[in-house]
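**Student:** Mind looking over this structure? Questions follow.
Read the figures in this text as sums done on the coordinates, not as results from a lab. Since the structure is predicted, the reported quantities are computational estimates derived from the model, not experimental observations. Here Cβ is always computed from backbone atoms with ideal geometry, including for glycine, and neighbour counts include all displayed protein chains.
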Amino acid sequence: MEIFWKTISNYNVSTWKIQVLIVLIAAVLTFRLYRRPSPFIKKAMMFFMVLLNLWVAVVYYFVYCSERPYYYIFAAFWIVMALIWCYELIRGRYKFERSYKYDKISYLLYAVPFIYPLVSLGRGMHFPMMTSPVMPCTVVVFSLGVLMSFSKKINLFLVLLLFHWALLGISKIYLYRISEDILLTICTVPAIFLYIREYIDSGVVVDSKPGVKAINLLLLGTCGIIGVVFTYIILKSFNIF
Amino acid sequence: MAKGEISINNNNLKSRAAFLSEYAAMLMGSGVHSSRVIRNTKRMGEAMSMEVIISNFHKSLMLYASDRSSGESVNILKEIPSLPISFEINTNLSRLSWEAYDGKLSFDELKERYRKLVARPKLHPVVILILSSFANASFCALFGGTWYSMGIVFSATMIGMSSKQKLLSKGVNVFIVFALCSFIASIVASTAVIFKLQTSDIAMATSVLYLIPGVPLINGFMDMMEGHVILGMARLIDAFLLVLCIAIGLSGTMMLLRNSLLL
């Protein structure tokens, strides 16, 4: 636990200027994607997502979190996610087409990386030993927001990796009482439901059974179970249950 | 014509034998053990007034069919298609052979029914993904895993299974797919070890169970016991190679985690 916050502190002290720059680039690119999307901006956003995932893998884990045990496994997760974004960039299938369906939820998701530090401050923590907007969990929530707004033809594997990260968030809540990760958990379950429903509705798989309605019901039931389990773990970790 | 036999007046021996070989190959490809394939095909041949002898191999089958009334005979060598295991096709095609035997269908009706049964829609990959994840998480519970370990296994199976579906649809070699998916699922489940959760060893071990080739293993043993030794051996070797690939993937994760094959 001590090592956990110490590594975060070192990371924040050394990179806060770059973090501000990353947030600004993310804000400009996201704004342009909404207002004046062009092929160049779409490619730039995709390239930015590759770099952002690599940043977490290399700078966050390899450079600043090397004191943590098994940091390289977590770094590998982020390298895999960067590779998936890279694959989509090269393949050109993911076109950042606006879905318009989930705009409100995605705006909320974009706000979460900024709420993370506020929750830390609310818990009585101070800079640099606090969460910041460019950390693994915040990047996951931002990625969920981007995918939700532009969710036509999503990469299911990427979404499942993001879901697994939320599951890790639960373990951090349970073991270390890091309440900031509640935000990640709350965001992920409905997001996963909506992504997979979009995937089913998109008709990627034709001539299959059961019907779309039945699959959606199964999905809803599964996400419901996951939601109940997550809620139980969160409540139990804070001795509410 | 004896009671229960299909009218064959307008159909030549070759087309009937071709149909029977396709029927048998479909059963073999769908994961049916040899004696059942032979039984069903012979039953169908009986309904067409034909004597049928089948010799099964791992990738192909040879069918000899002889018309009881004319004495004419034909040999057909048929390639066994590489299909996903389907208990539904297995059951439906077995039922079809009984319907033919009971004399309820003409040859044309039989072909039409077969075509419809084979063309039935398959389960949606998302349904397979969700159900196999629940099944694997249940395995974790059966071996004594905690709720949290079950969650980790559920997520690991989802990620591993979706990679398996994707890679197989791209035509990647099945052995490479198994080794890779075993590595992916176990590395995802290794987070239970990283966080030093209770029963993390169970989570890791059960995360790859969705890959175990249960049906080929059972079919291999059944074939061996029923005298189809060569095919049984081939099926068992195939299944054991898949198990070896799963072990290679799991070992990769263990070496990364502990630099040893022990947890």
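**Student:** If contacts are Cα pairs under 8 angstrom and at least 6 residues apart, what is the relative contact order of region B:125-262 in percent?
**Tutor:** RCO, region B:125-262: 26 percent.
**Student:** Report, in listed order, any pair from B:LYS42/B:LYS111; A:LYS101/A:LYS153; A:LYS43/A:LYS101; A:LYS101/B:LYS166; B:LYS14/B:LYS122 with a Cα-Cα distance greater than 19 Å.
**Tutor:** In this structure, A:LYS43/A:LYS101; A:LYS101/B:LYS166; B:LYS14/B:LYS122 exceed 19 Å between Cα atoms.
**Student:** Let me ask something else. Quick one: net charge of B:LEU211's neighbours, Cβ under 15 Å, K/R +1, D/E -1?
**Tutor:** +1
**Student:** Pairs of Cα atoms under 8 Å, at least six residues apart: use those to get the relative contact order of chain B, whole percent.
**Tutor:** Relative contact order, chain B: 17 percent.
**Student:** If you place +1 on the Cβ of every Lys and Arg, -1 on the Cβ of every Asp and Glu, and leave all else neutral, what size is the dipole of the protein assembly as shown about its Cα centre, to the nearest 20 Debye?
**Tutor:** 1320 debye
**Student:** Here is a further query. Taking only Cα atoms, what is the 0 to 90° angle, nearest 10, from helix B:34-47's long axis to the longest principal axis of chain B?
**Tutor:** 30 degrees
**Student:** Sticking with this one: Take every Cα pair under 8 Å in chain A that's 6+ residues apart, average their separations, divide by the length, and report that relative contact order as a whole percent.
**Tutor:** 18 percent
**Student:** Let me ask something additional. Helix-only estimate, please: 222 nm mean residue ellipticity of chain A, summing -39500 (n - 2.57) across DSSP H runs of length 4 or more and dividing by its residues, to the nearest 500.
**Tutor:** Roughly -25000 deg cm²/dmol at 222 nm, from the helical runs in chain A.
**Student:** If I stretch the segment between A:TYR232 and A:LYS43 completely, what's the gain in nm (0.36 nm per residue apart, minus their alpha carbon distance), one decimal?
**Tutor:** 63.9 nm
**Student:** What is chain A by shape, rounded, prolate or oblate, if you read a ≥ b ≥ c off the alpha carbon gyration tensor as root eigenvalues and call it rounded for a/c under 1.5, prolate for a/b larger than b/c, and oblate otherwise?
**Tutor:** Oblate shape, in that a/c is at least 1.5 and b/c is the bigger or equal ratio.
**Student:** GNM, chain B, Cα, under 10 Å: largest mean-square fluctuation among B:GLY249, B:GLY29, B:GLY227?
**Tutor:** Top of the fluctuation ranking is B:GLY227.
**Student:** Also, quick follow-up: Quickly work out the A:MET129-to-B:MET62 label distance, labels modelled 7 Å from Cα along the C-beta direction, and quote it in nm with one decimal.
**Tutor:** Result for the modelled spin labels: 7.9 nm.
**Student:** Per-residue Cβ counts within 10 Å, from other chains only, averaged over A:171-181: what number is that?
**Tutor:** 2
**Student:** Sticking with this structure for a sec: What length, rounded to one decimal in nm, is gained on full extension from A:GLU2 through to A:ARG68, with 0.36 nm per residue of separation minus their alpha-carbon distance?
**Tutor:** Stretched fully, the A:GLU2-A:ARG68 segment lengthens by 22.7 nm.
**Student:** While we're here: Considering every residue in A:75-87, what mean count of other chain Cβ atoms within 10 Å of its Cβ is obtained?
**Tutor:** Average per residue, whole number: 1.
**Student:** For A:158-166, what's the mean count of beta carbons from other chains sitting within 10 Å of each residue's beta carbon?
**Tutor:** Mean number of neighbouring Cβ atoms from other chains: 4.
**Student:** Rounded to the nearest 500, what is the 222 nm mean residue ellipticity of chain B from helices alone, with -39500 (n - 2.57) per DSSP H run of 4+ residues and division by all residues?
**Tutor:** Helix-only estimate at 222 nm: -21000 deg cm²/dmol.
**Student:** Can you bin region A:79-149 into rounded, prolate or oblate? Criterion: square roots of the alpha carbon gyration tensor eigenvalues sorted a ≥ b ≥ c, rounded for a/c under 1.5, prolate for a/b above b/c, oblate for the rest.
**Tutor:** Oblate shape, in that a/c is at least 1.5 and b/c is the bigger or equal ratio.
**Student:** Determine, from the Cβ-Cβ distance of A:TRP16 and B:GLU109 and an R0 of 51 Å, the FRET efficiency 1/(1 + (r/R0)^6), rounded to the nearest 0.05.
**Tutor:** After rounding to 0.05, the efficiency reads 0.10.
**Student:** Between A:LEU220 and B:SER82, what FRET efficiency comes out of the Förster formula 1/(1 + (r/R0)^6) with R0 = 35 Å and r the beta carbon distance, rounded to 0.05?
**Tutor:** According to the calculation, E is roughly 0.50.
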